[in-house]
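Taking it in order: structure first as C-alpha cells, then the write-up.
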There are 2 protein chains.
Amino acid sequence: MSRGRAVSPNLALNELVARSGRGDRPLVHLGFGEARLPVLASLRARLAAGARHHGYGPVAGSPAARAAVAGYFTRRGIPTTPGQIVVGPGSKPLLMALHLAVPGDVVLPVPCWNSYPAQADMAGRKVIGVPIPAEYGGVPDPLALRDRIRAARVAGHDPRILILTLPDNPTGTFAPREAVRSVCGVAEDEDLLVVSDEIYRDTVHDPAHRLFSPAEVIPERTIVTTGLSKSLAIGGWRIGAARFPEGPRGRRVRDTVVAVASDVWSSLAGPMQEVAEYAFGDPPEIRRRLRDSARLHGAVAREVHALMVRAGALCRPPTGAFYVYPDLEPLRPRLARRGVTDSDTLRRHLFDRYGLVVLAGHHLGDHPEALRFKAATSMLYGETEEEQEEALSAADPLRLPHISGILTRIEESFADLNPAHDERTG
Amino acid sequence: MSRGRAVSPNLALNELVARSGRGDRPLVHLGFGEARLPVLASLRARLAAGARHHGYGPVAGSPAARAAVAGYFTRRGIPTTPGQIVVGPGSKPLLMALHLAVPGDVVLPVPCWNSYPAQADMAGRKVIGVPIPAEYGGVPDPLALRDRIRAARVAGHDPRILILTLPDNPTGTFAPREAVRSVCGVAEDEDLLVVSDEIYRDTVHDPAHRLFSPAEVIPERTIVTTGLSKSLAIGGWRIGAARFPEGPRGRRVRDTVVAVASDVWSSLAGPMQEVAEYAFGDPPEIRRRLRDSARLHGAVAREVHALMVRAGALCRPPTGAFYVYPDLEPLRPRLARRGVTDSDTLRRHLFDRYGLVVLAGHHLGDHPEALRFKAATSMLYGETEEEQEEALSAADPLRLPHISGILTRIEESFADLNPAHDERTG
C-alpha cells in the first residue's frame, strides 16, 4: 500500500543512540550533524516574546523576518531585498518545495547530504551524481560535471537543478573561489538553476575568510538556502530561509515556491519568525556566539582530522562545518582480516568493537564498497550545558578533560584498527 | 522554468485584506478560516517553557507529545496508543506526506478545502471529485461515490485514498452517523484508505454531541488528522497530528509517512511539541476554552446562516466549525441584471459593492457557474483581544455592539442584493 521509504539514516541513527542503554562503556556518537551547544538566552527570550504571533501570517514570512534575512545576506556580500526572501520551517521543506516547483532532474555532488536525493526522488526527479575532487566537497569537479550533464541528456534525462553545499556536509570543507567560478560557468552554459545550500556559512573556521557564493557569480540563476539550525544550535526549532534571484525568472521561481508552501506548510510558525528576525539581524551577542562556535568547531574538527590521518586514513582537512570524512582505503588489507570490506561493515565494526557511531558513506551516495564514513565532531563538546559552555569559552578546548578524554578514546580506537601503522610511525 | 502554481486562494485573500487600506468603510473579512480569538496565557507559558527543546528530536514527535495526542483521541471515544501518533508542523504537511507515501489517486468531496486537490496534484495524483448531498458536506453521497470510483477505474485511474472532512470546511456541517457508516462501507468494498480530517472536531456547536469518526467504523483503514489551529486559535503556531491504524498495514503507512517527514521537515519544532503535550492533554482551562469557543462559533454561524436564508439564499444549517456556504441560485435572475453570473463575479460584486470578502466556491472545487461562496464567521468576533474575550464570555454574543453592528451590515448588504424578496417577507 505504501512506498518502500526509510527514515533519513542520520535521524534514524540519532534516535537509535538516544534509545541505547549506556552500559559500562558509553557510545561515542559521531553520527549526527547537530551542534551540541546550549541555546542562547536571548533566543529563548525572543521565542517567548513571539508567542503573540498566533494567527496565520504571510506565507513567505513577516516583512520584519524577511528584512532581517535580507540584511544577513547583504552584510555577507550578497546584496538582497526582503522580496527575495522566503522563510520556512527549516531549509529542508524549502528545498523540497523547490523540487516541487521547478521541473527537471537534479544534479548532485557525490557524496552529499542524504536528504537531497531522497527529496528529488519523492518529487519524481532523476538524480545525476557527479564526483567531488580529492581536495574539497560540496561542489563537483567541473569537467566531470559537464560530461555527466551531457551524458544524462543523451540518456533522455533533463538536468535542470544543480545543488551545491558551501561549506559542505559531509566533508567539512568548502570549495575554493576558482572552483565555484568554474562550476557556475558550467551551470550557465548548460542552463541549470543552482541551489547553493549555505546552511553552514557561519561555521567557516577561519574568521578572516569570507565565503564565496555562486550567487556572486551567476546571481540570476542562484537560489541560496540557509537556516539557524547549525550555526546557533537550534535544529529543533526548525528555522530556515531561501534567497531567490532578482528579476522575472527568479521572481517566478520564488512565487511558485510560495505557492507550494501555501499548500504544504502555510508559513513558518509566528514565534519562530520572531526568532528569525532577531537572529538574522546579527546583534552583537549573536555575532559573538557565531565566532566562538566556529572557533570550537574548527579546533575539534582539525584534531579529529589529525588523529584520523595519524591512524592511516586519507581525509580532506576540514575548513568549515563540523565534519570529517575519512577514507580508510589504505587500511583495506588489514580491515579485510576483520571482515570489514565496505562502508556498512566498517560502520558496524566501529560500533561493535569501539562503541563509535558514524554515518556510513553509502548513506551519502558514496560507493558502498568504499571504506568511508562521516564523523560529526560537534557531538564531542560535552554531555551537559556546563561542559558545552566551557568548551565555547576555553582558550584551548582540546585541553578540557571531558573533550581530551573522548578524543583519546577515538584516537585509541583508530590506532587499534591499524597497529602496524601505529608502530611504524610512533 | 517553474510550474504555474498559484498561492492557496484563502491565504492569498488573507494577505490581500491585510494589505488593504481601511478607507471610510472597513472591509468585512469573511474570507479566511481563522478563529479570531486570543491565545490562552497557559499556551504562551508552555511555548516559553518549551524553548529548552532546541536539539533535533524524534521525527514522529516526543514520547510525551505523542502520548498526549493518544489520550486526546482515547477520551473522544477512539482508543489510541502513542505509537499510532505522528505530530508535525500543521496537519497540512502530514496530509502532503500521506500523498507522497501512499500511491494512487485521490477521491475528494465537492466542494472541499482548497489544499486537498492542490496537494494531490503536486504529488502527481489524479483527483476524482464526488458531490456532497444537500444536507451536509465533507462526506460524499455514498451512491455517487461508488459510481465515480468504478467509472474512474474504467477510465484507467487508480483511486486509493478518500479524504473526508468532519466537521466540514467549507459547509460548516458534519455528516450524520449513518452517512459516515455508508461511505465507510464503500471505502471497505472498494479497498480505499480513508483520511478523516478532523481538525474541526472540537468546534462542534452542540456540546452534547459526540462526533462519529470513520476510525470507529473501519479502524484498520482510517487515518485521522487533526491540529490545534482551529480549536485553540493558534493557526500561526503550526501544530498538527495524525493518528494511524493499528496493525501491520497501518504501521506500514505510518512508517512511510515518518520516512517522508524525516526528509521533508525533520520534526515539529520542539517548543511546539511542548505546547502539543499540554493542549492535547485536555487540562480544565483548555476544556473550558474549547467549550466557550464552540458556543461562540455556533451562535454567530447560526445567525449568519439565518440572515443568508432571509435574503433568499439556500444554505445548509451550520453544526460545526465556523463557516456557512450559501447558494444564491434563487437570486440568479436578479443578480444577472447586475452582471453577476458565476462564482467569480459574485465574489467580486460582494467585494466592490459591499466591502464583503468571501471565498468563491470555484476555489473549493465547486462549479464556476454556481453562485456559491464560503463565509468564515469566526472573523466577526472583534478587532481587539478585548472584544474577542468579551465575545467568548458573553451570555449572548450577538447582542454585543461590535458583533451586532457587523451582522447588521452583512444583513443589509444581502438584503440589498434581493430587495423584492426583502419587501415580500419584511
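What is the mean number of Cβ atoms from other protein chains located within 10 Å of the Cβ atom of each residue in peptide B:44-52, rounded to a whole number?
On the way: counts 7, 2, 1, 7, 8, 2, 6, 13, 5.
The shielding value for this peptide is 6.
Want the number for B:ALA49 to B:HIS367: 0.36 nm per residue separation, take away the alpha-carbon distance, what's left? If you can, show how the numbers build up before the last one.
On the way: separation 318, 0.36 × 318 = 114.48 nm, distance 4.80 nm.
Stretched fully, the B:ALA49-B:HIS367 segment lengthens by 109.7 nm.
B:ALA41 to A:ARG338: FRET efficiency via 1/(1 + (r/R0)^6), r the Cβ-Cβ distance, R0 56 Å, to the nearest 0.05? Show your work: numbers first, answer last.
Working: r = 60 Å, r/R0 = 1.08.
So, using R0 = 56 Å, E works out to roughly 0.40.
Could you work out the mean projected area of the convex hull around the alpha carbons of the range A:259-417, in square nanometres to one decimal?
12.4
Keeping all protein chains in place and using 1.4 angstrom, which order do A:ARG44, A:ARG409 fall into by accessible surface area, from largest down? Walk me through the numbers on the way to the answer.
Working: A:ARG44 95, A:ARG409 55 Å².
These residues rank, largest area first, as A:ARG44, A:ARG409.
Return the single residue from A:ALA370, A:ALA18, A:ALA152 with maximal mean-square fluctuation; model: Gaussian network over chain A, springs between Cα atoms under 10 Å.
Looking only at A:ALA370, A:ALA18, A:ALA152, the biggest GNM fluctuation is shown by A:ALA18.
Roughly to the nearest percent, how much of the accessible area of the range A:282-392 is carbon and sulfur, given a 1.4 Å probe?
Details: 2170 of 4250 Å².
Heavy-atom surface of the range A:282-392 belonging to carbon and sulfur, 1.4 Å probe: 51 percent.
Obtain the nm distance between the two label points defined at B:ALA208 and A:GLU220 by a simple spin-label model: each point lies 7 Å from its Cα along the Cα-to-C-beta direction.
It works out to 7.0 nm between the two label points.
What residues from the range A:147-178 fall in the zone where the backbone N is under 16 Å from a label point 7 Å along the Cα-to-C-beta line of A:ARG249?
Answer for the range A:147-178: A:159-163.
Give me the percent of Cα-Cα pairs in the range B:41-281 that sit more than 34 Å apart, rounded to a whole number.
Values: 3370 of 28920 pairs.
Taking all Cα-Cα pairs of the range B:41-281, the fraction more than 34 Å apart is 12 percent.
Total Å² of accessible surface buried at the B-A contact, 1.4 Å probe, nearest 100? Could the numbers behind the result be given before it?
Values: alone 17470 and 17480 Å², together 29360 Å².
Roughly 5600 Å².
Show that you can apply the helix-only estimate: for chain A, add -39,500 (n - 2.57) for every DSSP H stretch of four or more residues, divide by all residues, and state [θ] at 222 nm to the nearest 500.
Details: 15 runs with 183 residues, N = 426.
Helix contribution divided over all residues of chain A: -13500 deg cm²/dmol.
What percent do you get for the relative contact order of chain A when only Cα pairs under 8 Å and 6+ apart count? Walk me through the numbers before you get to the answer.
Values: 849 pairs, mean separation 93.3, N = 426.
Rounded, it is 22 percent for chain A.
In peptide B:245-258, how many Cβ atoms from other protein chains are near each Cβ within 10 Å, on average?
On the way: counts 0, 0, 0, 0, 2, 1, 1, 4, 3, 1, 5, 7, 2, 6.
Average neighbour count from other chains, rounded to a whole number: 2.
State to the nearest 20 debye the size of the charge dipole of the range B:298-426 about its Cα centre, where the only charges are +1 on K and R beta carbons and -1 on D and E beta carbons.
About 660 debye.
What's the average, rounded to a whole number, of partner chain beta-carbon atoms within 10 Å of each residue's beta-carbon in A:89-99?
Numbers: counts 12, 6, 0, 6, 7, 0, 2, 7, 2, 1, 0.
Per residue, the number of nearby Cβ atoms from other chains is 4 on average.
log₁₀ I(q)/I(0) of chain A at q = 0.07, 0.09, 0.13 Å⁻¹, via Debye over equal Cα point scatterers, no solvent, to two decimals?
Log10 of I(q)/I(0), two decimals: -0.33, -0.55, -1.17.
Among B:GLY104, B:GLY339, B:GLY88, which one shows the highest mean-square fluctuation when chain B is modelled as a Gaussian network with alpha-carbon springs under 10 Å?
B:GLY339
Pick from B:GLY312, B:GLY77, B:GLY361: which residue has the top mean-square fluctuation in a GNM of chain B where Cα pairs under 10 Å get a spring?
Sorting by GNM fluctuation, first place goes to B:GLY77.
Using the heavy atoms of the protein chains and a 1.4 angstrom probe, tell me the accessible area per residue for the protein assembly as shown in square angstrom.
Details: 29360 Å² over 852 residues.
Computed with neighbouring chains in place, this is 34 Å² per residue.
Just to be sure I understand the rule: take each whole DSSP H helix in chain A, project its Cα atoms onto its long axis, keep it if the span is 30 Å or more and its mean Kyte-Doolittle hydropathy is at least -1.0. Which ones pass? Write down the numbers at each step before the final one.
Details: long enough: A:284-310 (39 Å, -0.50).
Within chain A the helices that satisfy the rule are A:284-310.
Taking just the alpha-carbon atoms of the range A:262-335, what radius of gyration and Dmax come out, in angstrom?
19.6, 56
Could you put A:GLU390, A:GLU34, A:GLU383, B:GLU411 in order of accessible surface area, largest first, with the 1.4 Å probe and the full protein assembly present?
From most accessible down to least: A:GLU383, A:GLU390, B:GLU411, A:GLU34.
Percent of accessible area on the range B:41-281 owned by carbon and sulfur, 1.4 Å probe? It would help to have the intermediate numbers written out before the result.
Working: 3640 of 6670 Å².
Its accessible area is 55 percent carbon and sulfur atoms.
The values are calculated or read from the model by the stated rules, or taken from the named source; none is laboratory data. As the structure is a prediction and not an experimental result, all values here were calculated from the model. Heads up, the Cβs are rebuilt from the backbone with ideal geometry, glycines too, and the neighbour counts pull from every protein chain shown. In case anyone asks, the SASA skips ligands and DNA or RNA and just uses the protein heavy atoms, side chains included. Shrake-Rupley method; radii C 1.70, N 1.55, O 1.52, S 1.80 Å.
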